[in-house]
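*Asks:* The following block contains the structure, expressed as structure tokens.
The values are calculated or read from the model by the stated rules, or taken from the named source; none is laboratory data. No experiment lies behind these values; they were computed from the predicted model shown. Every residue, glycine as well, gets a Cβ built from its backbone with ideal geometry; the counts of neighbours run over all protein chains shown.
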2 protein chains.
Amino acid sequence: MNERDALRMLAIDVPHAGDDAAVVDDLVITTDMLHERTDFPAGTTRYTAGWRAVGASLSDVAAMGARATAAVAVYADEGFDPHELQRFVCGASEVCAAVDAEYVGGDLDVHSEFTTATTAVGDVTDAGPVLRSGASIGEALCVTGEWGRSAAALRLFERDTVESVERANDLFRFTPRVADGVALAPHATAMMDSSDGLARSLHQLAEASGVGFTLDREAVPVHPAVDGVAADADERFELATTFGEDFELVCTVPEDRLHDARAACPAGLTRIGSVVADEEGVTVDGEALPDAGYTHG
Amino acid sequence: MNERDALRMLAIDVPHAGDDAAVVDDLVITTDMLHERTDFPAGTTRYTAGWRAVGASLSDVAAMGARATAAVAVYADEGFDPHELQRFVCGASEVCAAVDAEYVGGDLDVHSEFTTATTAVGDVTDAGPVLRSGASIGEALCVTGEWGRSAAALRLFERDTVESVERANDLFRFTPRVADGVALAPHATAMMDSSDGLARSLHQLAEASGVGFTLDREAVPVHPAVDGVAADADERFELATTFGEDFELVCTVPEDRLHDARAACPAGLTRIGSVVADEEGVTVDGEALPDAGYTHG
């Protein structure tokens, strides 16, 4: 059983599961686990790890169009090196501060592999939570920010020089799109964050809304760091769309709200395509975009 | 660096950490990680594991005198066996239902060892959160329920018969004292749950409040299951006070509120001693009670 099937099963048993975060009254809550082997390449500092792990949960709050209020983390390692722990706490606190939330501590555990479990909570705005299921044919398909940031970081971690690793850590410390999520809440009809990459996210959003998407390849905003690591235009597009973990928002917006939505987004909002009928699937410049990307586990 | 020193350091950096749960406005939030090797003896079903792990977080909400509203969990294992996962979700949902909270799903991760990270949130009542720091000399020292339940369960798991393991699983599925915590909130001056055992909890509560405690050994309510596993009276007392993970509440109550507090507690409230001056330390029948118990990690 793979993760997607297991998550589907969880969603059947637990009515609130299945979106980026669960909604309980006006509260959203979301939890994630990350560990060294799969999520933190060699060279990732504990400051970056704390920032990124807590940031991933804050990104899920953002994806619901909710205001992030607080986050907690469990820090598990072979021992409790005070400096490493302090760096982790510092990164966790900084990313919370970046989105006006509070880091309020957590728990410690012993593990042979560095592992962290993070939880973030937030308040739904008056616009209500934005689910994955509300896209309608004819609406604009949009994304925040620029894509391929984490893919570029991974390549830079692999180069293993002092400069490349420092730059990779910078790229790994993304700003969760909480301000954008709140700004988009009154406009977006469906929204999610892109933890598994643009391609996979689009397939998930299409499935949840019962629609298809048509994309303009040239319109996808690619992060400038990708240019330094991609061999050609095809690889550039692939790194930006299938690697994942960019933690940008993907959303659908009715045409007549597009201007207001764009104006409200601090990270920038780019239209990359349109919502089409389910039967048309997810295509880019007329060709099928495979459901490829990062599958956790 | 051991866990207690590390937690102290976390508390220095993060102003809200250090109590059983963090308080953000009127919300309390708490997170824990448990794993197979240290927390789930052989024979623990996934239903029991889901119940117990989520229950441990709900117990922290209870310890603040807050109303539990929701919980999430990360489920990490080598693979996603659908039946085991379903049993875990079922246990997690049941323990939430037992305290009128909602289990709202979570995340999945791959780990070589079965590991779960749970988070619970709750609402502070009008009485406000009950911290560990409010005990005053002369007040009554009280506990909910009966003690030694988890110690007895561990012995029964070790016996490894069908009946003993089934009974051990029953004992492991405790009811988090949320109703008692809410009932005690207007009366208790300091409160915590007993994840590390009664002895250690009393030393922690004493340190946080800057007081000492004097206990009457005969007054400590021992769970009947302990009688079946303890060799003599000394072992009986030790199992009830140092093993830990009973998830009962320990609190201090002014003498004149004791009657009302007792009447309000569904799990029963027993006075086991009194608050004394810091210099007197923690004693039982006049002898020092060592700061011994379960240290996580």
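*Asks:* Could you grab me the full set of residues in the stretch A:137-164 that are part of a loop (DSSP other than H, G, I, E, B) and either closer than 30 Å to A:Ala264 by Cβ or in contact (Cβ under 8 Å) with a residue 40 or more places away in the chain (or both)?
*Replies:* A:Ile137, A:Gly138, A:Glu139, A:Gly145, A:Glu146, A:Gly148, A:Asp160
*Asks:* Only residues that are more than 17 Å from A:Gln204 (Cβ to Cβ) and surrounded by 15 or more Cβ atoms within 10 Å (Cβ to Cβ): list them for the stretch A:267-297, please.
*Replies:* Matches in the stretch A:267-297: A:Ala267, A:Leu269, A:Thr270, A:Arg271, A:Ser274.
*Asks:* How do the pairs read when you match residues in the stretch A:255-270 that are without any contact (Cβ under 8 Å) to a residue 12 or more places away in the chain and farther than 20 Å from A:Asp193 by Cα with residues anywhere that are outside any helix (DSSP H, G or I) and among the charged types (D, E, K, R), using Cβ under 8 Å and keeping only pairs 6 or more apart or on different chains?
*Replies:* Taking only residues 6 or more apart or on different chains, not a single pair turns up.
*Asks:* Here is a further query. Take B:Gly212 and decide whether it is of a type outside the set (D, E, K, R) and modelled with pLDDT under 95.
*Replies:* Here the answer is no, as B:Gly212 does not meet what is asked.
*Asks:* If the requirement is being over 16 Å from the mean Cα position of the chain (by Cα), surrounded by fewer than 22 Cβ atoms within 10 Å (Cβ to Cβ) and within 14 Å of chain A (Cβ to nearest Cβ), which of these qualifies: B:Glu113, B:Glu163? Talk me through it step by step, then tell me what you get.
*Replies:* Details: B:Glu163 fails: within 14 Å of chain A (Cβ to nearest Cβ).
When all the criteria are applied, what remains is B:Glu113.
*Asks:* Still on this structure: Select from the stretch A:166-189 the residues that are within 15 Å of the chain's Cα centre (by Cα) and either under 20 Å from A:Val211 (Cα atoms) or outside any helix (DSSP H, G or I) (or both) and list them in ascending order.
*Replies:* Selection gives A:Arg173, A:Phe174, A:Thr175, A:Pro176, A:Arg177.
*Asks:* Then there is this: Looking only at the stretch B:101-110, count every residue that is among the aliphatic types (A, V, I, L, M) and either within 30 Å of B:Ala179 (Cβ to Cβ) or more than 9 Å from chain A (Cβ to nearest Cβ) (or both) and tell me the total.
*Replies:* Within the stretch B:101-110, residues that are among the aliphatic types (A, V, I, L, M) and either within 30 Å of B:Ala179 (Cβ to Cβ) or more than 9 Å from chain A (Cβ to nearest Cβ) (or both) number 2.
*Asks:* Let me ask something else. Just to verify a result, which residue in the stretch A:116-132, among those that are within 12 Å of chain B (Cβ to nearest Cβ) and buried (at least 22 other Cβ atoms within 10 Å of the Cβ), is farthest from A:Glu207 (Cα to Cα)?
*Replies:* Ranking the qualifying residues of the stretch A:116-132, first place goes to A:Thr116.
*Asks:* Can you tell me which residue among A:Phe237, A:Phe243, A:Phe247 is under 29 Å from A:Glu166 (Cα atoms) and without any contact (Cβ under 8 Å) to a residue 40 or more places away in the chain?
*Replies:* Going through A:Phe237, A:Phe243, A:Phe247 in turn, the sole match is A:Phe237.
*Asks:* If I filter the stretch A:34-51 for residues that are closer than 17 Å to A:Pro129 by Cα, in contact (Cβ under 8 Å) with a residue 40 or more places away in the chain, crowded, with 23+ Cβ neighbours inside 10 Å and outside the structural domain of A:Thr175 (by TED's automatic domain parsing), do I get at least one hit? Before the answer, list the steps.
*Replies:* Looking only at the stretch A:34-51, we keep the residues that are closer than 17 Å to A:Pro129 by Cα, and these are none.
No; the residues of the stretch A:34-51 include none that is closer than 17 Å to A:Pro129 by Cα, in contact (Cβ under 8 Å) with a residue 40 or more places away in the chain, crowded, with 23+ Cβ neighbours inside 10 Å and outside the structural domain of A:Thr175 (by TED's automatic domain parsing).
*Asks:* Further question: Tell me which residues, restricted to the stretch B:50-100, are in contact with a strand residue (DSSP E or B) (Cβ under 8 Å, 6 or more places away or on another chain), at the interface with chain A (Cβ under 9 Å from one of its Cβ atoms) and outside any helix (DSSP H, G or I).
*Replies:* Listed by number, the residues that qualify are B:Thr69, B:Ala70, B:Ala71, B:Val72, B:Ala73, B:Val74, B:Tyr75, B:Ala76, B:Gly79, B:Phe80.
*Asks:* With respect to A:Thr45, is the statement that it is at pLDDT 95 or above and under 30 Å from A:Gly91 (Cα atoms) true?
*Replies:* yes
*Asks:* For B:Leu171, state whether it is crowded, with 24+ Cβ neighbours inside 10 Å and more than 14 Å from every other protein chain (Cβ to nearest Cβ).
*Replies:* no
*Asks:* Please work out which residue is nearest to B:Asp123 (Cα to Cα), limiting yourself to the stretch A:101-126 and to residues that are small (Gly, Ala, Ser) and in a loop (DSSP other than H, G, I, E, B).
*Replies:* The first filter runs over the stretch A:101-126 and keeps only residues small (Gly, Ala, Ser), leaving A:101, A:105-106, A:112, A:117, A:120, A:122.
Those left that are additionally in a loop (DSSP other than H, G, I, E, B): A:101, A:112.
Details: A:Ala101: 18, A:Ser112: 35 Å.
Here the answer is A:Ala101.
*Asks:* Do you know which of the residues in the stretch B:241-266 that are surrounded by fewer than 19 Cβ atoms within 10 Å (Cβ to Cβ) and under 22 Å from B:Leu58 (Cβ atoms) is farthest from the other protein chains (Cβ to nearest Cβ)?
*Replies:* Only one residue fits best here, namely B:Ala264.
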